[in-house]
Amino acid sequence: NGVEFPLLGFGTAGQLGRAAVRGAPDAGFRAFDTAQAAEWYREADVGAALAASGVARERFFVTTKMHPRDHGYETTRRRVAESRAALGGRVELFLLHYAECWPGLCGSARPEGTWRDSWRALEDALAAGEVAAIGVSNFRPEQLRELVAGARTRVRPHVVQSWMDPLHQDAPLRALCAEHGVAFTAYSSLGTQWAMQGGAAARRGNPVLGSPAV
């Protein structure tokens, strides 16, 4: 949608706090990825670290994400406002973190609605100038197809975020994004996601950093 997005960003999963994030602007990073899920991220600490960096806030591109336990129109509108407050009054890219809940992700939480309701809320936040771009994370191809072709969809996602690295290239989802003019952004691009897969994949360690070809 014409919003400029830095090619390389600094991910803050693992509950990276102010001290860890604080050095990234000095190293030249201008894009930062965070989320509202306190079990994985510290969104407010990212905002505080950027505010203390001495770099003007408008020079940063910050992506944040809303947990699926908060799906629903009204809840999403509140969560957008909360992220704006935590991140220096701005959100460059707001994503739906996952399309749906499952017990291991949301526990006993009962969302107000579905990702479809949340998407309507993001469309309204975009129209109101509360966010610069909107998108989704961890959507499967069939879910993305429903979103881009939905009869009620007013704005196609600007960005889809998903796990991609040299050994996990997510080709079907990337092809779908290309078909519909959606920007694709990778997380865990250095292979850290392999440790999350459990079983033999986790025991072998990070195959990207251990790859002779890489």
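The values are calculated or read from the model by the stated rules, or taken from the named source; none is laboratory data. Since the model is a prediction, treat every value here as computed from it, not as a measurement. Using ideal geometry, Cβ is built from the backbone for each residue, glycine included, and neighbour counts are taken over all protein chains shown. Keep in mind that these areas ignore ligands, DNA and RNA; they rest on the heavy atoms of the full protein, side chains included. Shrake-Rupley method; radii C 1.70, N 1.55, O 1.52, S 1.80 Å.
The residues of segment 5-19 that are under 12 Å from Y41 (Cα atoms) and of a type outside the set (S, T, N, Q), listed by number, are G11, A13, G14, L16, G17, R18. Which of the residues belonging to segment 74-87 are buried (at least 17 other Cβ atoms within 10 Å of the Cβ) and either among the hydrophobic types (A, V, I, L, M, F, W, C) or in contact with a Gly (Cβ under 7 Å, 6 or more places away or on another chain) (or both)? V80, A86, L87, listed by residue number.
Being basic (K, R) and modelled with pLDDT under 95 holds for only one residue in R174, R203, R140, and it is R203. Of the residues that make up segment 120-135, is at least one within 14 Å of P157 (Cα to Cα), open to solvent by 10 Å² or more (accessible area, probe 1.4 Å) and among the charged types (D, E, K, R)? Scanning segment 120-135 turns up at least one residue that is within 14 Å of P157 (Cα to Cα), open to solvent by 10 Å² or more (accessible area, probe 1.4 Å) and among the charged types (D, E, K, R). Among residues of segment 83-94 that are in contact (Cβ under 8 Å) with a residue 24 or more places away in the chain, those with a Cβ under 7 angstrom from a residue that is of a type in the set (S, T, Y) and open to solvent by less than 10 Å² (accessible area, probe 1.4 Å), sequence gap 6+ or separate chain, pair up as S83/T64; L87/T64; V91/T64; V91/S83; E92/T63; L93/T63; F94/T64; F94/S83.
Look at P111 and say whether it is under 21 Å from P157 (Cβ atoms) and touching a residue at least 12 places away in the same chain (Cβ under 8 Å). Answer is yes for this residue.
Filtering R59, R22, R42 for residues that are within 26 Å of F139 (Cα to Cα) and either open to solvent by 40 Å² or more (accessible area, probe 1.4 Å) or aromatic (F, W, Y) (or both) leaves a single hit, R42. Looking at segment 146-180, which of its residues are among the charged types (D, E, K, R) and either open to solvent by 10 Å² or more (accessible area, probe 1.4 Å) or not in a strand (DSSP E or B) (or both)? Listed by number, the residues that qualify are E146, R152, R154, R156, D170, R174, E179.
The single residue among L190, L209 that is touching a strand residue (DSSP E or B) at 6+ places or on another chain (Cβ under 7 Å) and open to solvent by 90 Å² or more (accessible area, probe 1.4 Å) turns out to be L190. Please tell me if G72 is under 22 Å from L105 (Cβ atoms) and in contact (Cβ under 8 Å) with a residue 40 or more places away in the chain. When the stated conditions are applied, G72 passes them.
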